[in-house]
Amino acid sequence: MPGTLEKSGTRLALGDLTLTALSDGYLDIPAAYFSNVTPTEQQAVSPSTRFGANTWLIETGTRKILVDAGSGDCLKERFPASGALTWQAPEKATERAAVTDIVITHMHADHIGGLSVNGNSLFPNAVIHLQATEWDFWTDEALLTTAPEDKRPMVGLIQALAKPIGNQLRLHRGDTDLGNGITLISAPGHTPGHQAVHLSADSREMILLADVVVSDALQFANPEVRYALDSDPVLAVETRKTLFDRLSADRIPFAATHLSTERFGYLDTRGNGFAFVEV
Ligand SMILES: [Zn+2]
């Protein structure tokens with residue numbers, strides 16, 4: 001049913017849940033990362049296109065649930081404007097200690113870098129929710145030698161970032177009810193165990209898509225556009241189309257990590273594709 005949002009913008013109330021977007025900065029991504037594009041589409045993102053880096057905080061009254069933790073310091077060299085949340089700052093210790101749960105949508109460094117600093121977990125009291133498929137894929141030591149050579153530094157970084165959180169994990173298999181109207185939805189393709197988050201309250205709903213869509217400049221109008229970091233680009237396209245159809249048919253408000261806005265929006269159909277309309 002249509003969502004009647006009590007607040008618009010970067011914070012919204014959904015029944016007893018409050019959802020707040022927290023921006024971790026931005027990343028400028030080279031046009032060469034996109035394929036299956038027309039020359040006009042290529043032109044639109046040349047030489048680079050700006051990705052936002054959104055994370056979210058869900059408050060239930062008793063729980064404070066982060067969805068992703070941003071980059072921390074680990075991508076600063078390549079993306080100087082990443083890691084803006086600075087969870088590692090000492091003055092954020094109290095805020096960090098109050099976090100009860102963290103949903104990790106997938107294990108790319110721009111989503112897990114903020115979970116630790118120098119090998120120490122920054123959120124000692126939080127249960128970290130991940131798909132088992134995702135954890136098993138990235139922490140397999142063989143991946144360091146079986147991954148394509150140009151991806152091995154990324155694998156090494158992810159494995160280093162995984163170590164400090166190993167004893168805080170709750171691994172899930174497929175769609176999972178986390179209570180308080182929060183459900184993990186399996187959304188594979190971008191990575192093997194990539195997941196989105198569905199929120200519902202009082203017959204209203206909302207979806208956090210994470211990296212089901214990465215480029216708002218290209219993939220709403222053309223969901224077939226592929227991204228170099230998709231581990232299975234064909235499955236990523238399939239997942240994107242399935243969720244886009246659902247969002248537009250049911251007029252569900254949503255957000256996604258790399259949209260160039262922190263605001264929530266709806267998907268309208270437009271031509272053969274879709275268009276994002278801010279709430
Ligand atoms: Zn990402």
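Just to confirm my filter: which helices (runs of 4 or more DSSP H) fall fully inside region 87-145 and include at least 2 residues that are under 20 Å from the mean Cα position of the chain (by Cα) and under 21 Å from Gly156 (Cα atoms)? Don't jump to the end; show me each part of the working.
Details: elements: 93-97, 109-112, 132-139.
Once the helices (runs of 4 or more DSSP H) in region 87-145 are filtered for at least 2 residues that are under 20 Å from the mean Cα position of the chain (by Cα) and under 21 Å from Gly156 (Cα atoms), what remains is 109-112, 132-139.
If you go through region 30-56, how many residues are surrounded by fewer than 22 Cβ atoms within 10 Å (Cβ to Cβ) and away from the ligand (no atom under 14 Å from the Cβ)?
17
Which of (1) of a type in the set (A, V, I, L, M); (2) out of contact with any strand residue (DSSP E or B) (no Cβ under 9 Å at 6 or more places or on another chain); (3) within 16 Å of the ligand (Cβ to nearest atom) does Ala147 not meet, given it meets every other one?
Failing condition for Ala147: (3).
Go through region 146-162 and give me each residue that's of a type in the set (A, V, I, L, M) and within 22 Å of the chain's Cα centre (by Cα). Steps first, answer last, please.
First pass over region 146-162, keeping only residues of a type in the set (A, V, I, L, M): 147, 154-155, 157-158, 160-162.
Of everything in region 146-162, those that are of a type in the set (A, V, I, L, M) and within 22 Å of the chain's Cα centre (by Cα) turn out to be Met154, Val155, Leu157, Ile158, Ala160, Leu161, Ala162.
Cβ contacts < 6 Å: first residue over 30 Å from Leu184 (Cα atoms) and in contact (Cβ under 8 Å) with a residue 24 or more places away in the chain, restricted to region 31-60; second residue more than 14 Å from the ligand (Cβ to nearest atom) and among the small types (Gly, Ala, Ser), any location; separation 6+ or different chain. Result?
Ala44/Ala217; Val45/Ala31; Val45/Ala217
Taking the stated definitions as given, is Gln195 free of Cβ contacts under 8 Å to residues at least 40 places away in the same chain and in contact with a helix residue (DSSP H, G or I) (Cβ under 8 Å, 6 or more places away or on another chain)?
Values: free of Cβ contacts under 8 Å to residues at least 40 places away in the same chain: no; in contact with a helix residue (DSSP H, G or I) (Cβ under 8 Å, 6 or more places away or on another chain): yes.
Spelling it out, it is not the case that Gln195 is free of Cβ contacts under 8 Å to residues at least 40 places away in the same chain and in contact with a helix residue (DSSP H, G or I) (Cβ under 8 Å, 6 or more places away or on another chain).
Within region 58-80, work out how many residues are under 14 Å from Asn180 (Cα atoms) and among the charged types (D, E, K, R).
Summing the residues that are under 14 Å from Asn180 (Cα atoms) and among the charged types (D, E, K, R) in region 58-80 gives 3.
Could you grab me the full set of residues in region 57-79 that are surrounded by fewer than 24 Cβ atoms within 10 Å (Cβ to Cβ) and either among the polar types (S, T, N, Q) or within 16 Å of the ligand (Cβ to nearest atom) (or both)?
Of everything in region 57-79, those that are surrounded by fewer than 24 Cβ atoms within 10 Å (Cβ to Cβ) and either among the polar types (S, T, N, Q) or within 16 Å of the ligand (Cβ to nearest atom) (or both) turn out to be Thr60, Thr62, Cys74, Leu75, Lys76, Arg78, Phe79.
Yes or no, residue by residue, for (1) away from the ligand (no atom under 16 Å from the Cβ); (2) crowded, with 16+ Cβ neighbours inside 10 Å; (3) free of Cβ contacts under 8 Å to residues at least 60 places away in the same chain:
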| position | (1), (2), (3) |
| --- | --- |
| Thr105 | no, yes, no |
| Ala109 | no, yes, yes |
| Ala132 | yes, no, no |
| Gly166 | yes, no, yes |
| Gly174 | yes, no, yes |
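Can you find, within region 226-241, the residue that is farthest from the ligand (Cβ to nearest atom) among those that are aliphatic (A, V, I, L, M) and surrounded by fewer than 19 Cβ atoms within 10 Å (Cβ to Cβ)?
Of all residues in region 226-241, those aliphatic (A, V, I, L, M) come to 228-229, 234-237.
Filter once more, keeping what is surrounded by fewer than 19 Cβ atoms within 10 Å (Cβ to Cβ): 228-229, 234-235.
Numbers: Ala228: 12, Leu229: 8, Val234: 19, Leu235: 16 Å.
This residue is Val234.
Throughout, read-outs are computed from the coordinates displayed, never taken from laboratory work. Note that this is a predicted model, so its numbers are computed, not measured. A quick note on method: Cβ atoms are made from the backbone with ideal geometry, for glycine too, and the neighbour counts reach across all protein chains shown.
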